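J.: Input: one structure, supplied below.
Coordinate-derived values only; no laboratory data. These numbers come from a predicted model, not from an experiment. As a convention, Cβ positions derive from the backbone with ideal geometry for all residues, glycine included, and neighbour counts pool all protein chains shown.
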Amino acid sequence: MQRFTRGQLADGLSWWDVLGLSLLAGIGFTVSLLIGELAFGTGSARNDHVKIGVLLGSLVAALLAPPWCFASATLSTGASAKQRNATPTPTAFPTSTNTAPTGLPSASLWATAPASPYDACRSREGISNMARADLTKVTTLDWAVVGAGLLAYISSFLPWYQAQVSILGIQRSVTANAWNAGIGAWLPVLLLVVAGGVVLASAMGMRLPASKPLIMIGLSALAVVTILLRWVTFPGAGGGQGQLDDVDVEGLLDVSSGAGVGLYIGLIAAAAAVVASLLASRAAGGNVS
């Protein structure tokens with residue numbers, strides 16, 4: 001861009017920062033999923049392949065972007081601090097007289113001003129807390145809880161409930177993701193995401209209402225129970241409750257329904273979060289009971 005246009009990067013902004021923002025942009029998936037549904041139809045096999053590919057790409061971007069941006073922000077903050085510690089050169093304002101212009105900031109204010117608008121953004125409280133986050137305190141078990149939250153979020157866009165109807169050899173299928181399968185499906189997803197957020201909030205120095213392992217255990221255990229309740233209360237093919245309830249009328253009508261792959265993945269993520277939280281509590285010397 002700098003070679004072929006007049007555009008230039010601001011002082012304190014490097015191409016490493018631009019690459020980090022590009023990785024953050026790769027997390028977006030809503031429009032891609034919408035295009036897949038419009039192109040291949042809801043519930044089709046190709047649309048499921050589109051969902052898996054798009055969500056895997058979002059997962060990779062979500063795993064790479066935070067550490068990349070954190071490292072870039074830390075390096076840039078250190079460079080900006082060195083630049084601000086240097087003795088600034090007073091800015092001269094052209095005037096018709098030798099007296100200082102009225103209505104303008106004093107030289108001390110100009111001396112303490114950020115080197116660029118980008119540095120001004122970095123000096124905000126939220127960015128400063130992010131730069132001061134100590135990721136060395138995040139253990140492997142804590143990262144497992146964060147990964148479980150991301151996996152549960154991705155699984156929420158996969159089929160949690162599916163029903164197939166075959167009439168005279170003509171098959172039709174209906175699926176519902178976690179956001180369309182009731183509170184018992186989307187609530188555990190939010191609980192696991194919050195559990196992962198608790199880990200990152202603790203690394204940023206935020207005060208928690210209780211111990212971190214205890215919060216993670218409570219959220220992940222509640223997610224497991226909620227998913228199991230949603231599983232056993234799915235409507236069956238005959239209109240009642242039950243999973244994988246099949247109806248076959250002499251080969252003319254075949255109806256089957258049950259849990260989808262999204263529910264299985266979400267349950268695995270919740271169980272993994274429970275195990276990781278328990279192990280983290282034991283490693284920290286905590287007592288769950």
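J.: Could you list Arg207, Arg172, Arg230 in order of exposure, starting from the residue whose Cβ has the fewest other Cβ atoms within 10 Å?
T.: Ranked by crowding around the Cβ, least crowded first: Arg207, Arg172, Arg230.
J.: Using a 10 Å cut-off around each Cβ, can you sort Met216, Met204 from fewest to most neighbouring Cβ atoms?
T.: Lowest to highest Cβ neighbour count: Met204, Met216.
J.: Moving on to the next point. Computed FRET efficiency, Cβ-Cβ of Ala210 and Ala271, R0 25 Å: what is it to the nearest 0.05? Walk me through the numbers on the way to the answer.
T.: Values: r = 22 Å, r/R0 = 0.88.
Efficiency at R0 = 25 Å is approximately 0.70.
J.: Right, here's the next one. Starting from 0.36 nm per residue, how many nanometres of slack lie between Thr140 and Leu9 once their C-alpha separation is accounted for?
T.: In short, 43.5 nm is gained.
J.: Describe numerically, in nm with one decimal, the distance between label points set 7 Å from Cα along Cα→Cβ at Val232 and at Ile167.
T.: Computed distance between label sites Val232 and Ile167 equals 3.4 nm.
J.: Among 53-64, 176-187, 268-279, what's the highest-first ranking by average C-beta atoms within 10 angstrom per residue? Write out the running numbers ahead of the final one.
T.: On the way: 53-64: 16.6, 176-187: 18.2, 268-279: 21.8.
For the peptides 53-64, 176-187, 268-279, the packing ranking is 268-279, 176-187, 53-64.
J.: Expressed in nm to one decimal, what extension gain is obtained for the pair Ser44 and Leu19 from 0.36 nm per residue of sequence separation less their Cα-Cα distance?
T.: 5.5 nm
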